[in-house]
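The values are calculated or read from the model by the stated rules, or taken from the named source; none is laboratory data. Everything quoted here is computed from the prediction, not taken from an experiment. Here the Cβ positions follow ideal geometry from the backbone for every residue, glycine too, while neighbour counts run over all protein chains shown. The area values use the complete protein model at the heavy-atom level, side chains included, leaving out ligands, DNA and RNA. Shrake-Rupley method; radii C 1.70, N 1.55, O 1.52, S 1.80 Å.
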Amino acid sequence: MDRLQTQYQRLYLPPTAEAGDASGLIGADGRVRALVLALRGPADWELLAPVWRGVQADLAWPAPAIAVNGVDAFELWFSLAEPVPLAEASAFLQGLCRRYLAEVAPARLPLWPGPDAATTPPQPHTARIPALNPDTGCWSAFVAPDLPAVFGEDPSLDFQPGKDAQAELLSRLNSVTPAEWQAAMVQLQPAAAAPVPAPAAVPAQPPAASTSHSALNGPYQDPRRFLLDVMNDATVALALRIDAAKALLANGGTTD
């Protein structure tokens, strides 16, 4: 193996992959260490850059590799220290899209592994980067963080990138630890539906005072005394207190 192969294997190949296999990113146990999120149609680094920055700032992850695919997309390559199941890897990528690329049409966001990974194992990824695309005659390549904007909407190289330069770029990258992976999966889970709050309890109203004759069959034998007590009782509804005051005035009583 040359230095580039060594770095590629260090970051992306599962333990069961063959060192010389150009596309064997899926281990024999169906697990992966490499996750790829791409943006195409058109390629737009300004849209993808927030993901590259966000995983570092929000998830405290090491920076993923940035690549041009030689055709139509910018790519972010994430490296995991320990392989994870295909479905789990896909769920993470979908979580990133929800968080940072919610306004981008899914058709512009090829994911590897894709959303159907739980039911349909994905095909092996394209040949390892860098590689010549026979259809375009252009090369894919890993690029430094300050270079994607230079490509504009043409994410490709018209010359073969040097292996030593590519190896040097990869040598500066680190893999996501299992602890970092688990913490990120918790953060990126779809938000649970907020519980519907229970209706606020309505405070019980104090029993309305009654001015009926039956109310006088207790301690109140004097109607005027009764009306005065109702009028001055702060626990009685205001409307009833007003009615009591009006009754006193109508009968020549006093509110003193």
Residue 82-residue 6 pseudo-label distance in nm [points 7 Å out on the Cα-to-Cβ vector]: 2.7 nm
If amide H atoms are built 1.01 Å from N in the plane of the peptide, which residues on other chains or at least 5 residues away come under 5 Å of the amide H of residue 25? 125
Compute, for the range 31-177, the length of the dipole vector about the Cα centre, with Cβ point charges of +1 (Lys, Arg) and -1 (Asp, Glu) only. Units Debye, rounded to 20. 440 debye
Using a 1.4 Å probe on heavy atoms of the protein chains only, the accessible area for residue 52 in Å², nearest 10, reads 50 Å²
Between rounded, prolate and oblate, where does the range 1-159 land on the alpha carbon gyration tensor, with a ≥ b ≥ c its root eigenvalues, rounded for a/c under 1.5, else prolate if a/b exceeds b/c? rounded
Length gain on complete extension for the stretch residue 16 to residue 116, per 0.36 nm per residue less the alpha carbon to alpha carbon distance? 33.7 nm
